[in-house]
Amino acid sequence: MTELYDASELIGFAVALLRAADMEPKQAEVVAPLLVEADLMGHTTHGLQLLGGYLGALEEGGMRGQGEPEVVSDRGAVVVWDGHYLSGVWLTARAIDLAVERSGQYGSCTLSLRRSHHIACLAAFLERATARGRMIILASSDPANSGVAPFGGRRQLYTPNPIAIGIPTEDEPVLIDISASITTLGLCTRLNAEGRRLEHPWLLDAEGRPSDDPAVMFAEPAGSIQPTGGLDHGHKGYGLALMIEALTQGLSGFGRADGVSEWGAAVYVQVLDPEAFAGQAPFMQQTTWLAQACRANPPALGIAAVRLPGQRALERKRQALAAGVELYPGILESLSERADRAAISLPRPISPK
């Protein structure tokens, strides 16, 4: 039987572990709910699965649990921060909140963030803006890591480079969370540890041959993840990846060209206030019409109904808040030793599924 957990108890558990690793309360109380938010939405590789790595980074000094970002530049509608490897989840949430506030004054606000630590699940941040009627664009890359080869190549060069867009409507928001690669490093790592394969040959081995075996990513020499579009149309994912690298690292002024070695992120946040454009009401009229038209579109053979991006994630979230959160097997077990050392009780399941 699958065990389910109360979301608030999971949040409290994560806060306690982060505090035990010397993260200040104002950070921990933002980071923990956003990690659990990812699990609520079904993004199980980017929720509490990441907590162990974050705790290790705090203990080893790779992530700072105390302090404030440095303001590199502030022109009102355009801001650059140096995060000095503070929690990327906390920094990104704070950046979005600032951009939401300033978009009401300037119509839009863009914030570039360099030397942030890892920012977890992009989709988990979007409702911070859409709940206030704003449209948001959020992108991230890790200049210290790679995994994806440029289209036509076979050597790892850049990260999967996710981009997320939140679009408010009169109903629930459209929450787009995609990446410039077919799959993610997190999924490859998980499946390799479990001895499983990917659904399709989304990887290339070191010789450039398609593969569904995540072990090729950890071989010597290593293989690579294919760009979105694969061998047929991978130039599209390649182009998207280059744009994200420029938005995140180019605009923040720090990235791969600097020989970065620390696990972290470069982040791009843009929030737009529709009221400053043609108006909030016309914006919502257009987005709501399109959302309804997509849902009403006749489904293709074998498809039950046309869904909007984020629709399933929001359904999962509602169900999990009502009935309990289903965690991916092994997540709590991986945190049990740290919890024991800090005298923190593991969350108890509330009921079998």
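Considering only the stretch 25-57, how many residues are under 18 Å from residue 338 (Cβ atoms) and β-branched (Val, Ile, Thr)?
Summing the residues that are under 18 Å from residue 338 (Cβ atoms) and β-branched (Val, Ile, Thr) in the stretch 25-57 gives 2.
Looking only at the stretch 307-323, which residues are touching a residue at least 12 places away in the same chain (Cβ under 8 Å) and either part of a helix (DSSP H, G or I) or assigned by TED's automatic domain parsing to the domain that holds residue 4 (or both)?
Just the residues of the stretch 307-323 that are touching a residue at least 12 places away in the same chain (Cβ under 8 Å), to begin with: 307-314, 316-317, 320-321, 323.
Correct list: 311, 312, 313, 314, 316, 317, 320, 321, 323.
Condition check ((1) crowded, with 20+ Cβ neighbours inside 10 Å; (2) assigned to a helix (DSSP H, G or I); (3) touching a residue at least 24 places away in the same chain (Cβ under 8 Å)) across all residues:
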{"position": "9", "(1), (2), (3)": "no, yes, yes"}
{"position": "14", "(1), (2), (3)": "yes, yes, yes"}
{"position": "18", "(1), (2), (3)": "yes, yes, yes"}
{"position": "23", "(1), (2), (3)": "yes, no, yes"}
{"position": "32", "(1), (2), (3)": "yes, yes, no"}
{"position": "55", "(1), (2), (3)": "yes, yes, yes"}
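What's the number of the only condition in (1) in contact with a helix residue (DSSP H, G or I) (Cβ under 6 Å, 6 or more places away or on another chain); (2) hydrophobic (A, V, I, L, M, F, W, C); (3) assigned to a strand (DSSP E or B) that residue 80 fails to meet?
Going through (1) in contact with a helix residue (DSSP H, G or I) (Cβ under 6 Å, 6 or more places away or on another chain); (2) hydrophobic (A, V, I, L, M, F, W, C); (3) assigned to a strand (DSSP E or B) one by one, residue 80 breaks only (1).
If you check residue 329 against the conditions, is it closer than 11 Å to residue 6 by Cα and assigned to a loop (DSSP other than H, G, I, E, B)?
No, not satisfied.
Scan the stretch 96-128 for residues that are under 20 Å from residue 46 (Cα atoms) and assigned to a helix (DSSP H, G or I) and jot them down.
96, 122, 123, 124, 125, 127, 128 - these are the residues of the stretch 96-128 that are under 20 Å from residue 46 (Cα atoms) and assigned to a helix (DSSP H, G or I).
Which one of the conditions (1) crowded, with 17+ Cβ neighbours inside 10 Å; (2) of a type in the set (S, T, N, Q); (3) not in a loop (DSSP other than H, G, I, E, B) does residue 252 fail to meet, given that it meets all the rest?
Of (1) crowded, with 17+ Cβ neighbours inside 10 Å; (2) of a type in the set (S, T, N, Q); (3) not in a loop (DSSP other than H, G, I, E, B), only one is false for residue 252: (3).
Among the listed residues 341, 348, 256, which satisfies the condition of being under 28 Å from residue 65 (Cβ atoms), of a type in the set (Lys, Arg) and assigned by TED's automatic domain parsing to the domain that holds residue 167?
Exactly one of 341, 348, 256 is under 28 Å from residue 65 (Cβ atoms), of a type in the set (Lys, Arg) and assigned by TED's automatic domain parsing to the domain that holds residue 167, namely 256.
Does the stretch 279-302 include one or more residues that are closer than 28 Å to residue 203 by Cα and assigned to a helix (DSSP H, G or I)?
no
Report every pair of residues separated by at least 6 positions or lying on different chains whose Cβ atoms are under 7 Å apart, first residue within the stretch 288-306 and in contact (Cβ under 8 Å) with a residue 60 or more places away in the chain, second of a type outside the set (Asp, Glu) and assigned to a loop (DSSP other than H, G, I, E, B).
Matching pairs, first to second residue: 288/169; 291/169; 291/308.
Output yes when any residue across the stretch 266-278 is touching a Pro at 6+ places or on another chain (Cβ under 9 Å) and in the same structural domain as residue 144 (by TED's automatic domain parsing), and no when none is.
First, pick out the residues of the stretch 266-278 that are touching a Pro at 6+ places or on another chain (Cβ under 9 Å): 266, 274.
Pick out the ones that are also in the same structural domain as residue 144 (by TED's automatic domain parsing) and you get 266, 274.
Yes, the stretch 266-278 has at least one match.
More than 30 Å from residue 130 (Cα to Cα) and either modelled with pLDDT of 95 or more or not in a helix (DSSP H, G or I) (or both): does that describe residue 245?
Taking the combined requirement at face value, the residue does not satisfy it.
Go through (1) part of a helix (DSSP H, G or I); (2) of a type outside the set (D, E, K, R); (3) within 25 Å of residue 92 (Cα to Cα) for residue 183 and report which single condition fails.
Exception for residue 183: condition (1).
Residue check, residue 184 against (1) surrounded by fewer than 16 Cβ atoms within 10 Å (Cβ to Cβ); (2) within 16 Å of the chain's Cα centre (by Cα), all met but one. Which one?
(1)
The values are calculated or read from the model by the stated rules, or taken from the named source; none is laboratory data. These numbers were taken from a predicted model, which means no experiment stands behind them. A quick note on method: Cβ atoms are made from the backbone with ideal geometry, for glycine too, and the neighbour counts reach across all protein chains shown.
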